[in-house]
Amino acid sequence: MYAPSLLDPAAESLKLADFGGATDVAREARTLLGERFSSVTFMYVLMRAFEVEYAAACDAARWHEFHGGPRALSDADLEKLLAPWLDR
């Protein structure tokens, strides 16, 4: 696990940027985190940047571009899931 001081800059960048939706946020988070990217670090930056609830952040980490398998979220699922926090 990474120290928050290594992840907070990515969260701050996400918080300040303009995005078209959750898929853009997720892709940018992956880019900003680079080699530090994982489902856990993605969850952390979502919670820090947008105050996403823990359970929703866990679900968001299952987005199909990050995670394969039968429980992967589609783009539409991710948009719907994160809308309450990103539409503020």
With the 8 Å Cα cutoff and a minimum separation of six or more residues, the chain has a relative contact order in percent of 28
If every Lys and Arg gets +1 and every Asp and Glu gets -1 at its Cβ, then about the Cα centre the chain yields a dipole, in debye to the nearest 20, of 220
What helix-only [θ] at 222 nm does the chain give? Using -39500 (n - 2.57) per DSSP H run of at least 4, over all residues, to the nearest 500, the answer is -19500 deg cm²/dmol
Along the stretch 22-33, Karplus-curve 3J(HN,Hα) (6.51, -1.76, 1.60; θ = phi - 60°) to the nearest Hz, with x for Gly and Pro, reads 5, 5, 5, 4, 5, 5, 5, 4, 4, 5, 4, 7
The extension gain from LEU6 to ALA72, computed as 0.36 nm times the residue separation minus the Cα-Cα distance, is 21.0 nm
Counting only residues 5 or more apart in sequence or on a different chain, those whose built amide H sits under 5 Å from that of VAL52 are MET47
Per the chain, sqrt(5λ) over the Cα gyration tensor eigenvalues, sorted largest first, in Å, gives 18, 15, 11
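None of the figures in this text is laboratory data; all of them are computed from the coordinates on show. Keep in mind the model is a prediction, meaning the values are calculated, not measured. Here the Cβ is made from the backbone with ideal geometry for all residues, glycine too, and neighbour counts use every protein chain on show.
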